[in-house]
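Colleague: Have a look at this one before I ask anything.
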């Protein structure tokens, strides 16, 4: 190891890295110490590769140790990741991604392994992704061979340290390729095909996505229409419509985009005359729509304002900021392990991202939640504020405040140094 390290100093470029430390305090009753999370990242560049070491500590415990490699080898882009749990001396996760563009086709191979020390493991699998253009249409094929990759429909994998709540996320999610009584052959577990770029009449772009699995067959199909002619120069209309075959419903999510800044999302369930509203029984007609959520989003000049409202709070929830602050079905959130707020039904969020006056990025996030059954004014439930201020290109200071009707519940301080 010493010889290799010395060789790298002769062949490669300089070191770079960062150190981040976050301190959380409990304001009640006497501003007590709550937690201390520190992250140390070190990068080293040599030839066309960059190696990364990331160490994370919580209080006095050594929680994560990750290693990474990214670079280019001829026509291939390569990425590799390793994760270990030093506190228990366990190997946790490994991932390898190789991508290239060959004869006009983008080829990507994803492989990952999860150890038995993690819930859901041991598991391993791979994904083959092909993307190209035919006749003006873009076609993307994702073949799942015991794994899934993160995209618009699927999450990657998030590994959580139970004792501290700290987590790590990766693109490739390995799953068990063979199951008792399954019809999976040769490790195949699923296929997703997306076609976009089709246009006709007043529609500039029509895309469709189809997903099938080896166990359930047809899973769902989605359509998105972009650029519907409105006849008005100041109004642009886009519409996204999804039909998901769930246990007892078909879900539709239309989107209306006014200009380039304002989006209106309506979350709807399509009702049919099937027994118990199940799409697996016979039905002859659609009986109506059930609106279970509504969202407004404005983006412009580094400012994002979002308002989400859940009407059917028994079956749909608001996810936490770590999981996108979106409206999601309770069943899906539980199945995917997403954190959510069961007590809140409405969110008003303001996010500002600007270039710092001395370099770096300055950010501010204000999330205000409203409770379903609250005795406070306007049903206010909780406000979360966090921000980062760039002192100079290499030093940033941050803070976090959380309050509810009982008073100040959380206070946090953060410092980040990079070189």
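Colleague: According to a simple spin-label model (label point 7 Å from Cα along Cα-to-Cβ), what is the distance in nm between residue 380 and residue 80?
Modeller: Result: 5.4 nm between the two label points.
Colleague: With only alpha-carbon pairs counted, each pair once and no self-pairs, how large is the Kirkwood hydrodynamic radius of the stretch 81-134 in angstroms?
Modeller: One decimal place: 12.9 Å for the Kirkwood radius.
Colleague: If you consider only alpha-carbon coordinates, what radius of gyration and Dmax does the stretch 11-141 have, in Å?
Modeller: Computed over the Cα atoms of the stretch 11-141, radius of gyration and Dmax are 20.1, 68 Å.
Colleague: At q = 0.22 Å⁻¹, what base-10 log of I(q)/I(0) does the Debye formula yield for the stretch 307-370 when every alpha carbon is treated as an equal point scatterer in vacuo?
Modeller: Taking Cα atoms of the stretch 307-370 as identical point scatterers yields -0.84.
Colleague: Then there is this: Calculated FRET efficiency, residue 307 and residue 343, Cβ-Cβ r, R0 22 Å, to nearest 0.05?
Modeller: Efficiency for this residue pair is about 0.75.
Colleague: Could I ask something else about it? At 0.36 nm per residue, and after removing the present C-alpha to C-alpha distance, how many nm does the segment from residue 408 to residue 141 gain when stretched out fully?
Modeller: 91.1 nm
Colleague: In whole Å and largest first, what semi-axes does the C-alpha gyration tensor of the stretch 47-210 yield when each eigenvalue is scaled by 5 and square-rooted?
Modeller: 33, 20, 16
Colleague: Could you give the length gained by full extension between residue 150 and residue 195, i.e. 0.36 nm per residue of separation minus their alpha carbon distance, to one decimal place?
Modeller: Full extension from residue 150 to residue 195 adds 14.4 nm.
Colleague: With viscosity set to 1.306 mPa s at 10 °C, what whole-number translational diffusion coefficient in µm²/s follows for the stretch 292-419 from Stokes-Einstein and a Kirkwood radius over Cα pairs?
Modeller: 99
Colleague: I've got another one for you. If R0 is 51 Å, what FRET efficiency do you get for residue 315 and residue 45 from their C-beta distance, rounded to 0.05?
Modeller: Using R0 = 51 Å, I get an efficiency of 0.55.
Colleague: Continuing with this model, one more query. Over the stretch 58-173, calculate the relative contact order: mean separation of alpha carbon pairs under 8 Å at least 6 apart, over the residue count, as a percent.
Modeller: Taking the mean separation of contacting Cα pairs over the length of the stretch 58-173, I get 15 percent.
Colleague: Under the 0.36 nm per residue contour assumption, what length would be gained going from the current alpha-carbon distance of residue 397 and residue 65 to full extension?
Modeller: Value of the extension gain: 117.1 nm.
Read the figures in this text as sums done on the coordinates, not as results from a lab. Predicted, not measured: the structure shown is a model, and the values here were computed from it. Positions of Cβ are generated from backbone atoms using ideal geometry, with glycine treated the same way; all protein chains shown enter the neighbour counts.
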